[in-house]
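Worksheet: one structure, shown below.
The values are calculated or read from the model by the stated rules, or taken from the named source; none is laboratory data. The model shown is predicted, which means the values in this text are computed figures rather than measured ones. Because the Cβ atoms are built from the backbone with ideal geometry, glycine has one as well, and the counts that use them run over all protein chains shown.
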Ligand code: MG
C-alpha cells in the first residue's frame, strides 16, 4: 500500500539548469542572460542553484564566463545557496575569488566514465579532489560531491552498489557536506534506488547527507524521486525546462525537468518554497532565450491548455 505518511513535509529542489543544463546544450548564452536566469529562478523561490563551472574555458565554452557571471551574482551570494563545479585546484582558486560559499566536485562510480569524462581512474580523480575538498572546507566552504553513473554506465552495464558506496565514503572522509547520487544515463528503476540506499545504510551514511540526481531518459525519473523521498531523501536535483542531459547518452531527454518535479511535490502537498506560476514563466522565458523547446511535460501541458 502507498503510505504517504512516509513522505517528507518539505523538499529542497536543487536547480542544476544553469550549469549541468547549459553545459550540455549547443547554445551559448550571454553572461547577462545567465545572470537573469539565476535571478528569475531565485525569484520563483528556488533555494539552491548550481550556477557555473570553473573548468577550463576551452573545454566547456558554454560556461567560459563563470568568473564574470559570479561578479554579477556577487551581491546575492551571502543570502542564497549557490554553487559552482570545481575540477581541480585552479578551479578552486577561481571559486574562492568569486566569494561562493559552496562548490561541487564531480566524481565517477565507474572506471570507464572516469576515463571518458575525467581522463583519470576513479581513485586517481578522487586523489585530485581530496586536497580541493579539504582546502575549501578549511576556508569554510561547503562541498557537494557528485557521483555519476551510480546505477549503470554505457560501457560497463550495471554499477555495483558497493563501488558507489566506496566513492561516497572517500568523498565524505575528505570532507564533502552532501553527496548527489547521479543516474547519469537514466536507466535506474525504483528497486535499484532502494538497493543503492541500502548499500549507503550499510556504511552508516545518513540520508540527510544525500541528494538524488535522476535523468528521465528512460521515463523513470519521477518514479525514482518518489521512491527516494519515501526512503527519506529530501534534496532532489532538477533542471529548468529539462535542459541538458548526458553527452554519453544520446537522447532527447536528460535531466529531470524542475517543473515536472515541482508539480509532483506540490501535488503531494510537499512544500518547496517555490511559486509554480513564476517557475513556469521562467521556463517559458528561458525557452525564448535559448531557442530550445521546453522539455517539461508539465510545462507543455499547461501552455497547451492556455493557448
Ligand atoms: Mg544531469
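Quick notes on this structure:
- Residue in the stretch 128-143 that is touching a strand residue (DSSP E or B) at 6+ places or on another chain (Cβ under 8 Å), assigned to a strand (DSSP E or B), modelled with pLDDT of 95 or more and within 16 Å of the ligand (Cβ to nearest atom) present: no
- Taking the conditions (1) out of contact with any strand residue (DSSP E or B) (no Cβ under 7 Å at 6 or more places or on another chain); (2) within 16 Å of the ligand (Cβ to nearest atom); (3) farther than 23 Å from residue 233 by Cβ in turn, residue 153 satisfies each one other than (3).
- Of all residues making up the stretch 23-51, the number that are without any contact (Cβ under 8 Å) to a residue 40 or more places away in the chain and under 14 Å from residue 65 (Cβ atoms): 6
- Taking the criterion of being surrounded by 17 or more Cβ atoms within 10 Å (Cβ to Cβ) and part of a loop (DSSP other than H, G, I, E, B), the residues of the stretch 144-168 that qualify are 149, 150, 151, 154, 159.
- A count restricted to the stretch 169-180 and to residues that are part of a loop (DSSP other than H, G, I, E, B) and crowded, with 24+ Cβ neighbours inside 10 Å stands at 1.
- Residue match in the stretch 181-190 (condition: within 18 Å of residue 125 (Cβ to Cβ) and outside any loop (DSSP other than H, G, I, E, B)): yes
- Selected residue (criterion: farthest from the ligand (Cβ to nearest atom)) from residues of the stretch 201-228 that are buried (at least 24 other Cβ atoms within 10 Å of the Cβ) and in a strand (DSSP E or B): 212
- Of the residues in the stretch 277-289, not one is within 20 Å of residue 158 (Cβ to Cβ) and either within 15 Å of the ligand (Cβ to nearest atom) or in a helix (DSSP H, G or I) (or both).
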